[in-house]
Amino acid sequence: MQSSAVNSSNNKETTRSITFAEAVREALSQEMREDQDVFILGEDIGVYGGAFGVTRGMIEEFGPERVRNTPISEAAITGAAIGSALTGMKPVVELQFSDFITIAMDQLANQAAKLRYMYGGKGNVPMVLRTPSGSGTGAAAQHSQSLEAWVAHVPGLKVVQPSTASDAKGLLKAAIADPNPVIFYEHKLLYKTQEHVPEEAYTIPLGEADVKREGTDVTIVATAVMVHKALEAAEKLAEEGIDVEVIDPRTLVPLDEQTIVDSVKKTGKVIVVHEAVKRGGYGGEIASMIAESEAFDYLDAPIRRLGALPIPVPYNPALEKAMVPQVDDIMQAARDSVHRR
Amino acid sequence: MWSIRWFDEKVDEFFAKGMIHGTTHLCVGQEASAVGVCAMLEDKDKITSTHRGHGHCIAKGADPDRMMAELFGRETGYCKGKGGSMHIADVEKGNLGANGIVGGGIPLAVGAALTSKMRQEGYITVCFFGDGAANEGSFHEAVNLAAIWDLPVIFVCENNQYGMSGPVKDMVKIENIADRALGYGIPGHVVDGNNLPEVMTVMKEAVEYTRNGSGPVLIEAKTYRWKGHSKSDAKKYRTREEEKEWKDKDPIRFFQDALIERGIITEEEADTVKKATKASIERSVEFAEQSPEPSADTLLEDVYA
């Protein structure tokens, strides 16, 4: 279900359709127009418009003071955002690739996440770190990872992973309004995906999952690009008589446990799919949460997890594709769950 | 300076008795840089501190009662007993916090300075760090960022000669860390960190420069920590002769003698200050000891705003 804040009365034939990248830009621009304390900083976000074109044109509207082009120095960019957030601003960082979070990890894990708690509740860090993630572009091992489990593990951070343009807009606006540090993952393959996105301002609360497709036979909990693969698998499985429910948590932290649990109680079968390496991936957390919940007694099949193989992302397109779950893998897992005796 | 000296001497004593939990890093011998720097600041100005930060806190106006209570892990402490020695902060009063990560606070100071510039708030931020942190990437990244954006931040390197057991002469190829300022296009100054008036003079100039919008300054205060790095340190990496040599340059005695020589205070007055501050720290200990332990209900509080 879309958030009630999204106006569904718009006639889809007359409303515009924009890309995921444009939706992110629209959220940023609306927030910056609304609140002088919101500003963006990152590498090449000025005239260049960001590595993926998300901030294109923003420097013309907001100027170099609020669209701050930075040197290549992820720790300083992130740390400066934290320090400015701690003193009242609402910075939104763009890190060029989510892999580079590793270079800023002290600032995120040891500083942003913990300052408030360590200081006994004094000081907020209302910052957002946006960053493109995932494979599928041939960028190989240092520009294609999905490391969301790293940050989801750290208490004090919030983690968002939208799968559609309209979700991206509403979630980013909620992330900017949130008084805590939020890591906002944007899958690179989603940037050009297009759909109807309401032009007016709206937010989607962090911690609210979306049922992307209703079904009765098996639940698939999927994130980012995998939401689209799960939906494709669901359409094909419908021809086989398998009715799939697809849930997109949209935020990993906080996680909407209830929506997932309710769905598993309904279908009795669940598959968790993400692009990150399966070992130590966030899917393990979702699977454990289900196993520990009231849904356990409703399970008619083992909880299945699909994730990437435990290898660095390879360059060759066929190898790269073979590393991560595909529609066929999801379909097979669903059949295995449903036909289990 | 005496308050800082007595505070850390007291902490040392309680540590030895096992009455303080965890670890602490004492700044005995380094009082003049904390006091000299903070004396030149206004209330609205901000600081970021280090794991050896008790002196910075006191110099920026923190209440030693609440600091001591924090070290005792009590509810009345600056962090309600959740931070301890390495995380004392008083954000509203401009102390953006001590930091357990060497070099971790340097980018934060730059961010605080960025706020001041963007909102035209007029405050400056002082970023304390040690000689060890000057070799962290965060130092180089943050100083460069502050330099290109002309941010109102003063980087104060307290060179106490050792990064844990690593002598600065073995860890840094150049003689002065302040010389690195040249590489970032900002002014750098070396100052005798045990000489309070000298620290104040250099700092005054830096504050004027930075507050006028000219950008950051790097100050290196050469000093010495009398104690070990932390409680487990047997100080095998340095000689007792070296320690004596620096203790002979005690920043408090130096300043006190200078005041007496010039007839600004009498020996008796100096002695009164010494005794009064000692008694005050004793009262801080009483306050801490009498303060309640945090309730278990607070365990989950303050993770998120």
For this session: Could you grab me the full set of residues in the range A:94-104 that are open to solvent by 10 Å² or more (accessible area, probe 1.4 Å) and within 11 Å of chain B (Cβ to nearest Cβ)?
Result: A:Ile103
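Per-residue answers, yes or no, for (1) within 14 Å of chain B (Cβ to nearest Cβ); (2) out of contact with any Gly (no Cβ under 6 Å at 6 or more places or on another chain); (3) farther than 30 Å from A:Gln36 by Cα:
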{"site": "A:Gly156", "(1), (2), (3)": "yes, yes, no"}
{"site": "A:His187", "(1), (2), (3)": "no, no, no"}
{"site": "A:Thr216", "(1), (2), (3)": "no, yes, yes"}
{"site": "A:His228", "(1), (2), (3)": "no, yes, yes"}
Exercise. If you scan the range B:237-272, which residues turn out to be of a type outside the set (A, V, I, L, M, F, W, C) and touching a residue at least 12 places away in the same chain (Cβ under 8 Å)?
Worked result: B:Tyr237, B:Arg238, B:Glu243, B:Lys247, B:Lys249, B:Asp250, B:Pro251, B:Gln256
Exercise. Here are some residues: B:Ser33, B:Ser49, B:Ser3. Which one is surrounded by fewer than 23 Cβ atoms within 10 Å (Cβ to Cβ), closer than 24 Å to B:Val202 by Cβ and at pLDDT 95 or above?
Worked result: B:Ser3
Exercise. Looking only at residues in the range A:119-159 that are touching a strand residue (DSSP E or B) at 6+ places or on another chain (Cβ under 9 Å) and at positive phi, which one is most open to solvent (accessible area, probe 1.4 Å)?
Worked result: A:Gly136
Exercise. Based on what the data block shows, is B:Glu268 under 30 Å from A:Gly121 (Cβ atoms), more than 14 Å from chain A (Cβ to nearest Cβ), open to solvent by 60 Å² or more (accessible area, probe 1.4 Å) and in a helix (DSSP H, G or I)?
Worked result: no
For this session: Given the conditions (1) facing chain B (nearest Cβ under 9 Å); (2) open to solvent by less than 30 Å² (accessible area, probe 1.4 Å); (3) closer than 21 Å to A:Leu252 by Cβ; (4) out of contact with any strand residue (DSSP E or B) (no Cβ under 7 Å at 6 or more places or on another chain), report the number of the one that A:Lys114 does not fulfil.
Result: (2)
Exercise. Do we have A:Tyr298 as touching a residue at least 60 places away in the same chain (Cβ under 8 Å) and of a type in the set (Ser, Thr, Tyr) here?
Worked result: no
For this session: Among the residues of the range A:134-179, write down those that are among the β-branched types (Val, Ile, Thr) and closer than 22 Å to A:Ala85 by Cα.
Result: A:Val151, A:Val154, A:Val159, A:Val160, A:Ile176
Exercise. Among the residues of the range B:148-157, is any open to solvent by 20 Å² or more (accessible area, probe 1.4 Å) and touching a Phe, Trp or Tyr at 6+ places or on another chain (Cβ under 7 Å)?
Worked result: no
Problem set entry | Filter result for B:Ala59 (at pLDDT below 95 and more than 10 Å from chain A (Cβ to nearest Cβ)) | no
For this session: Return the pairs, sorted by first residue and then second, in which the second residue is open to solvent by 10 Å² or more (accessible area, probe 1.4 Å) and of a type in the set (Gly, Ala, Ser), the first residue lies in the range B:90-104 and is over 12 Å from A:Leu86 (Cβ atoms) and touching a residue at least 24 places away in the same chain (Cβ under 8 Å), the beta carbons are less than 6 Å apart, and the residues are 6+ apart or on different chains.
Result: B:Asp90/B:Ala62; B:Val102/B:Gly132; B:Gly103/B:Ser138
Exercise. For A:Ala318, are the conditions met, namely being in contact with a Pro (Cβ under 9 Å, 6 or more places away or on another chain), among the small types (Gly, Ala, Ser) and open to solvent by 40 Å² or more (accessible area, probe 1.4 Å)?
Worked result: no
Problem set entry | Residue, farthest from the other protein chains (Cβ to nearest Cβ), within the range B:132-154, restricted to residues that are under 15 Å from B:Asn99 (Cα atoms) and not aliphatic (A, V, I, L, M) | B:Gly132
Problem set entry | Evaluation of A:Pro314 against (1) of a type outside the set (Gly, Ala, Ser); (2) closer than 26 Å to A:Thr216 by Cβ; (3) not in a helix (DSSP H, G or I) (one fails), failing number | (2)
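Regarding A:Gly46, is this residue more than 22 Å from A:Ala174 (Cα to Cα), within 14 Å of another protein chain (Cβ to nearest Cβ), open to solvent by 10 Å² or more (accessible area, probe 1.4 Å) and of a type in the set (Gly, Ala, Ser)?
Spelling it out, it is not the case that A:Gly46 is more than 22 Å from A:Ala174 (Cα to Cα), within 14 Å of another protein chain (Cβ to nearest Cβ), open to solvent by 10 Å² or more (accessible area, probe 1.4 Å) and of a type in the set (Gly, Ala, Ser).
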For this session: Could you give me the residue pairs with C-beta distances under 8 Å whose first residue belongs to the range B:294-305 and is facing another protein chain (nearest Cβ under 7 Å) and surrounded by fewer than 14 Cβ atoms within 10 Å (Cβ to Cβ), whose second residue is assigned to a helix (DSSP H, G or I) and not charged (D, E, K, R) wherever it lies, and which are 6+ apart or on separate chains?
Result: none
For this session: Give me a count of the residues in the range B:107-122 that are more than 7 Å from chain A (Cβ to nearest Cβ) and either open to solvent by less than 10 Å² (accessible area, probe 1.4 Å) or touching a strand residue (DSSP E or B) at 6+ places or on another chain (Cβ under 6 Å) (or both).
Result: 2
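Matching residues to (1) small (Gly, Ala, Ser); (2) farther than 20 Å from B:Gly213 by Cα:
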residue: B:Leu96; (1), (2): no, yes
residue: B:Pro107; (1), (2): no, no
residue: B:Val110; (1), (2): no, no
residue: B:Met118; (1), (2): no, no
residue: B:Phe129; (1), (2): no, yes
residue: B:Asn135; (1), (2): no, yes
residue: B:Phe139; (1), (2): no, yes
residue: B:Val143; (1), (2): no, no
residue: B:Ala147; (1), (2): yes, no
Problem set entry | Filtered residues of the range A:49-75 (kept if more than 27 Å from A:Thr87 (Cβ to Cβ) and open to solvent by 10 Å² or more (accessible area, probe 1.4 Å)) | A:Ala51, A:Phe52, A:Arg56, A:Gly57, A:Glu60
For this session: Kindly list the number of the only condition in (1) within 14 Å of the chain's Cα centre (by Cα); (2) within 8 Å of chain A (Cβ to nearest Cβ) that fails for B:Asn95.
Result: (2)
Seminar exercise, completed: the range A:168-242: strands (runs of 3 or more DSSP E) wholly inside it with 2 or more residues that are more than 16 Å from the chain's Cα centre (by Cα) are A:194-196, A:218-222
Exercise. Do you know which residues across the range A:83-93 are closer than 14 Å to A:Arg130 by Cα and either at the interface with chain B (Cβ under 7 Å from one of its Cβ atoms) or open to solvent by less than 10 Å² (accessible area, probe 1.4 Å) (or both)?
Worked result: A:Pro91, A:Val92, A:Val93
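The values are calculated or read from the model by the stated rules, or taken from the named source; none is laboratory data. The structure displayed is predicted, hence computed values, not measured ones. Heads up, the Cβs are rebuilt from the backbone with ideal geometry, glycines too, and the neighbour counts pull from every protein chain shown. Ligands, DNA and RNA are excluded from the accessible area calculation, which covers all protein heavy atoms including side chains. Shrake-Rupley method; radii C 1.70, N 1.55, O 1.52, S 1.80 Å.
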